Amino acid sequence: MTSRVSLSLIQALRDTARRLAAEAPYQWGHMGSCNCGHLAQTVTRLTKAEIHTQALQRYGDWERQLVDYCPTSGLPFDQTIDEMLALGFSREDLTHLEKLGDPAVRHGIPFERRNALRHNQRDDVVLYLRTWADLLERQLVEALPLPNFAEPALAEA
């Protein structure tokens, strides 16, 4: 996992999981309503149709598009990826999301469930997104500076 941890990144994951859990249209083979497509909807506020139409301007699924991504291409889909990267996600994060493959996120899922995860099943995607958000939230909390509550040294008389 290489994302830059932030509250807005965690919120995007939680919002996406919440929308998917509430039965938003899900179709793994559709660029706008697959795993990354749903996260892109959250981050960019574009519709699934807008994301799908952008993606069709170049060949390939999310993984291929992330490999071919060029920040100066001017292609609308690359601008969508730009927004996701600007929020703190990495190309590697997004590639992992599409296949639910990040080892750190998977490690946070109970063993029996982890080995049964399927990348194209809504409930598994929701679990992965929530687990990822929890992991990032723990990292964020662990990085917070804590005040030193040690008792001050008593002045010698």
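So for segment 69-81 (the condition being of a type in the set (Gly, Ala, Ser) and at pLDDT 95 or above), does at least one residue qualify? First the steps, then the outcome.
Restricting attention to segment 69-81, the residues satisfying the condition of being of a type in the set (Gly, Ala, Ser) are 73-74.
Subsequent filtering for residues that are at pLDDT 95 or above retains none.
Scanning segment 69-81 turns up no residue that is of a type in the set (Gly, Ala, Ser) and at pLDDT 95 or above.
Taken over segment 107-132, the residue count meeting the criterion of being surrounded by 14 or more Cβ atoms within 10 Å (Cβ to Cβ), in contact (Cβ under 8 Å) with a residue 12 or more places away in the chain and either among the hydrophobic types (A, V, I, L, M, F, W, C) or in a helix (DSSP H, G or I) (or both) is 12. Going by the structure shown, is Asp61 within 21 Å of Pro25 (Cα to Cα) and either open to solvent by 20 Å² or more (accessible area, probe 1.4 Å) or more than 16 Å from the chain's Cα centre (by Cα) (or both)? When the stated conditions are applied, Asp61 passes them. Which one of the conditions (1) open to solvent by 10 Å² or more (accessible area, probe 1.4 Å); (2) more than 24 Å from Ala104 (Cα to Cα) does Ser90 fail to meet, given that it meets all the rest? In the conditions (1) open to solvent by 10 Å² or more (accessible area, probe 1.4 Å); (2) more than 24 Å from Ala104 (Cα to Cα), Ser90 misses (2) alone. Restricting Leu140, Leu135, Leu94 to those that are over 27 Å from Gly32 (Cβ atoms) and in a helix (DSSP H, G or I) reduces the list to Leu140. Beta carbons closer than 6 Å, at least 6 apart along the sequence or on distinct chains, never pair a first residue in segment 41-56 that is under 17 Å from Tyr69 (Cα atoms) with a second that is outside any helix (DSSP H, G or I) and among the β-branched types (Val, Ile, Thr).
Of the numbered criteria (1) modelled with pLDDT of 95 or more; (2) touching a helix residue (DSSP H, G or I) at 6+ places or on another chain (Cβ under 6 Å), the one Arg18 fails is (2). Only residues in segment 5-23 that are within 23 Å of Ala143 (Cα to Cα) count as the first member; pair them with residues that are basic (Lys, Arg), Cβ under 8 angstrom, at least 6 apart or cross-chain, and list the lot. Listed by first residue and then by second, the contacts come to Leu13/Arg130; Arg14/Arg130. Can you confirm whether Asp15 is surrounded by fewer than 19 Cβ atoms within 10 Å (Cβ to Cβ) and under 18 Å from the mean Cα position of the chain (by Cα)? In short, yes.
The values are calculated or read from the model by the stated rules, or taken from the named source; none is laboratory data. The structure displayed is predicted, hence computed values, not measured ones. Neighbour counts run over all protein chains shown; Cβ positions are idealised from the backbone, glycine included. The area values use the complete protein model at the heavy-atom level, side chains included, leaving out ligands, DNA and RNA. Shrake-Rupley method; radii C 1.70, N 1.55, O 1.52, S 1.80 Å.
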